[in-house]
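Remarks on the structure that follows.
The values are calculated or read from the model by the stated rules, or taken from the named source; none is laboratory data. Source: prediction; values computed, not measured. In this analysis, Cβ positions are derived from the backbone assuming ideal geometry, glycine residues included, and neighbour counts consider all displayed protein chains. Only protein heavy atoms, including side chains, enter the accessible area calculation; ligands, DNA and RNA are left aside. Shrake-Rupley method; radii C 1.70, N 1.55, O 1.52, S 1.80 Å.
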Amino acid sequence: MDKETSLEQLMLQSKKVFKNCFQREAKGIVSCPGRINILGEHTDYMGGLSLPAAISRYTLISYAPLKEKKFKFWSQSHGEFWETDFSLAKRPTKNWQLFAYGALSIVKGLLEDRPNDLPTIEGACFSIIGNIPLGKGLSSSASLELCLLNSLYDLFSLKVDPMNSIHYARRIENEFLGVPSGLLDQFACQFSDRNKIQIVDFKNLSMKQEHHQGLADWKWVCIDSGVKRTLGSSEYPKRVQQCEQALATIKEQRLEVSHYRDISEADLSYLDHNQTLKSRMSHMIGENLRTLQGFDALVKGDIPLLGKLLEQSHHSLRDLFEVSTNELDFLKSVATKHPACAGSRIMGGGFGGCTLNLVKADKIPDFLNQVQSVYSQEFHLKGQGFIFDLVDGVKLQQPSLQQPQ
Ligand code: GLA
């Protein structure tokens, strides 16, 4: 099991790192959590339903304005500086730098549309730290995007509607990192509420939040398969494309269909000639239904039903959407044999990353020991466990108010 650091400790660490890097005090700190997704996988880019929740792992950015016309970034996890001027003439090549470059480009665009008499800055410096495991499907990317954007909004005194902000964050991913992802991660990192469970409808970008029941004795545990995943170069873009093709094919046959949500089981026969596309749409229909049922189960405290839905979701992602791996299938089946586990499934984009498990809190050490020992015998991989509390979304911990030094 890995060690969790509290948000307060991380804030102190963030200020300290900033001071070491830039020899000045930070004027603001923004923190943004990662996320799990309870149900509703690969549904967001089809305007479907999901049940995401923010977790007690964070990215933090401390920042301050500069008189110098430079934007300077320090990434603690890469041990690197990167800087640029606001002309943004030179696009960086490293991924973490592209996030910063993307956020600056988007904010530059926003500044063009606002009146000239508002306060502005010449440059700024930023230190980035965090404890969201990278590349494990826990949304370290969306968390970084929202931290970068919010620190820039604050520095430039920009008022941005959070609903617009999640679209800007997604643009960083789509346009600058080249990953055609949906809005799931950004939505969860922005809007989650620690006391409630939320179902998100990506067709009209609405959400319903309700108190949940029955989870007091349970914890969400992620187990890392140890298989590294990068969505940009994986099969992820192919899945997005297959779904678009399936929708277009059905639309040609049935003119009433204009959106994925208009597709019913009966329409799947239009895809009989292409079993791959048929399976993708079949997953989508089932997963949307499971997400609705899962929300209900959480509100009513029906843990056995929730567990069953997690299982069904795994099978659908494995057999119909084909985004699982042998390692993830193995982890899931070992986990569900443990009496303290209500359900387990692959989580996030797939092709590696973590499983999500709902486990009786007092049995977690035994659960992890058992799963890890069988997993390491089979694959010689550790199967690291991560345990979370559910938390609120992005926060400006300390908005910037002071003058550049
Ligand atoms: C990744 C993407 C999300 C979503 C999930 C799968 O996390 O970033 O947009 O598609 O995969 O549910």
Restricted to region 1-152, the DSSP antiparallel beta bridge percent, nearest 5, is 80 percent
If each part is reduced to its alpha-carbon centroid, region 341-389 and region 235-281 end up apart, in Å, by 33 Å
With every protein chain kept in place and a 1.4 Å probe, region 197-281 has an accessible area per residue in Å² of 53 Å²
In order over region 56-66: 3J(HN,Hα) from phi, Karplus 6.51/-1.76/1.60, θ = phi - 60°, whole Hz, x for each Gly or Pro, gives 6, 10, 9, 9, 10, 10, 9, 8, 7, x, 10
With the 1.4 Å probe rolled over protein heavy atoms, region 94-154 has an accessible area per residue in Å² of 33 Å²
If each K or R counts +1 and each D or E counts -1, the residues other than N164 whose Cβ falls under 14 Å of its Cβ total +1
Other residues with Cβ under 11 Å from the Cβ of S282 give, with Lys and Arg +1 and Asp and Glu -1, a net charge of -2
Cross-link reach from K382 to aspartates and glutamates, straight Cα distance under 13 Å and at least 8 residues apart if same chain, gives D2, D224, E327
Applying the gyration tensor rule to the Cα atoms of region 228-300 (axes a ≥ b ≥ c; rounded if a/c under 1.5, else prolate if a/b exceeds b/c, else oblate), the class is oblate
Each label sits 7 Å from Cα toward the beta-carbon; between N204 and Q23 the label points are separated, in nm, by 5.7 nm
Note, region 29-34: 3J(HN,Hα) by Karplus (6.51, -1.76, 1.60, θ = phi - 60°), whole Hz, Gly/Pro = x, goes 9, 10, 10, 9, x, x
Out of L277, L205, L60, a Gaussian network model of the chain with alpha-carbon springs under 10 Å gives the largest mean-square fluctuation to L205
With a 1.4 angstrom probe the carbon and sulfur portion of accessible area for the chain, in percent, totals 49 percent
The simple spin-label model distance between T120 and E244, using points 7 Å out along Cα→Cβ, in nm, is 3.6 nm
Loop-resident GluC sites (Glu not before Pro) in region 37-142 with no more than 16 other Cβ atoms inside 10 Å, DSSP not H/G/I/E/B, are E68, E122
Excluding residues fewer than 8 positions from K15 in its own chain, the aspartates and glutamates with Cα under 18 Å of it are E25, E80, D154
Here the gain from full extension of V160 to A361, 0.36 nm per residue of separation minus their alpha-carbon distance, amounts to 68.4 nm
Summed over the other residues with a beta carbon less than 14 angstrom from that of K94, with K and R at +1 and D and E at -1, the charge totals 0
Ignoring trypsin sites (Lys or Arg not before Pro) buried by more than 10 other Cβ within 10 Å or outside DSSP loops, the longest site-free run in the chain is 160-405
Quick note, region 1-137: a/c under 1.5 would make it rounded; otherwise a/b > b/c is prolate and the rest oblate (a ≥ b ≥ c, C-alpha gyration tensor); here it is oblate
Quick calc, region 270-405, dipole around Cα centre from Cβ unit charges on Lys, Arg (+) and Asp, Glu (-), nearest 20 debye, gives 60 debye
